[in-house]
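The values are calculated or read from the model by the stated rules, or taken from the named source; none is laboratory data. Quick caveat: nothing in here was measured; it's all calculated off a predicted structure. Glycine gets a Cβ as well: all are built from the backbone with ideal geometry, and neighbour counts include every protein chain shown.
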Amino acid sequence: MGIEARTRDGVAEVIIDVPPVNALPAQGWFDLAGAVTAAGADPDVRAVILAAAGRGFCAGVDIKEMQRTAGHEALVAANRGCFAAFAAVYDCAVPVIAAVHGFCLGGGVGLAGNADIVIAADDATFGLPEVDRGALGAATHLSRLVPQPLMRAMVYTCRTVSAQQLLGFGTVLDVVPAGGLRAAARAVAGQIAAKDPGVIRLAKQSLNGIDPVDVKRSYRYEQGFTFELNLTGAADRARQAFVDGP
């Protein structure tokens, strides 16, 4: 369990497996960043699939880790880890395909939003519960998946959207039955892997170069407001309410 990586036929699969809901502790985000970066640096790898085991793709950060750690050490580590993981997906030298099933929340949206391609299971839902958790962030990445007005509504209300809605926006390539998700991702990855690897790597660089928004700077700006919420105590109260439950 943790972050697993394997490579076959030019395609690397990086799997998130952190029960019960794939809420990653701070070190898990750094491990994920390292696995994605290493996959892209392998000259034999031509595409990366980012997927998950268990009930859902990713529930974001491990809030319980933050609450049981005195001071802001865990919070700072989680923020740096998320930044590293999201950047690793975006900067990966080869295309990254996110295979999303079940819930994709918070940091999960950061990963999927920075992927080159998203393929979703028909049970997948996407959302940012950050406001309810006393945090801000990943609106940068959500805005790559939904139109701006909907992104704002989702941030303010913490509502989720379905994979089918994203398919309608054209931000998800395909929606498939959950049992066929990995196969669908491998099929697209195989198409990419069949291309000239030098051309594909330069294509990735060129597409990043023409992005209208610098996702790393934009996300770092968002994170600054999370630190402000922590200084005022609002974030700690929201996280503790989540840990305590109804």
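Quick notes on this one:
- For the residues V131, V118, the requirement of being touching a residue at least 24 places away in the same chain (Cβ under 8 Å) and crowded, with 20+ Cβ neighbours inside 10 Å singles out V118.
- Neighbours by Cβ (under 6 Å, 6+ apart or cross-chain): first from segment 44-61, touching a residue at least 40 places away in the same chain (Cβ under 8 Å); second of a type in the set (D, E) and in a loop (DSSP other than H, G, I, E, B): none
- If the condition is being under 21 Å from F83 (Cα atoms) and exposed (fewer than 15 other Cβ atoms within 10 Å of the Cβ), then segment 4-37 contributes E4, D17.
- Selection of segment 215-229 for residues being of a type outside the set (S, T, Y) and either out of contact with any helix residue (DSSP H, G or I) (no Cβ under 6 Å at 6 or more places or on another chain) or under 16 Å from L142 (Cβ atoms) (or both) yields V215, K216, R217, R220, E222, Q223, G224, F225, F227, E228.
- Scan of segment 174-187 for residues that are surrounded by 18 or more Cβ atoms within 10 Å (Cβ to Cβ) and either without any contact (Cβ under 8 Å) to a residue 40 or more places away in the chain or over 15 Å from A53 (Cα atoms) (or both), ordered by number: V175, V176, A184, R186
- Residue match in segment 226-235 (condition: under 20 Å from the mean Cα position of the chain (by Cα) and in contact (Cβ under 8 Å) with a residue 24 or more places away in the chain): yes
- Residues satisfying the stated conditions in segment 130-169, i.e. under 18 Å from L111 (Cα atoms), of a type in the set (G, A, S) and in contact with a helix residue (DSSP H, G or I) (Cβ under 7 Å, 6 or more places away or on another chain): A135, G137, A138, A139, S143
- Considering only residues in segment 55-76 that are modelled with pLDDT of 95 or more and either over 18 Å from A241 (Cβ atoms) or touching an Asp or Glu at 6+ places or on another chain (Cβ under 6 Å) (or both), the one that is surrounded by the fewest Cβ atoms within 10 Å (Cβ to Cβ) turns out to be R55.
- Taking segment 137-242 and the helices (runs of 4 or more DSSP H) fully enclosed by it, the elements with 1 or more residues that are at pLDDT 95 or above and among the β-branched types (V, I, T) are at 139-142, 148-157, 181-193, 197-209, 215-232.
- Of the residues making up segment 164-195, those that are under 13 Å from A124 (Cβ atoms) and among the β-branched types (V, I, T) number 4.
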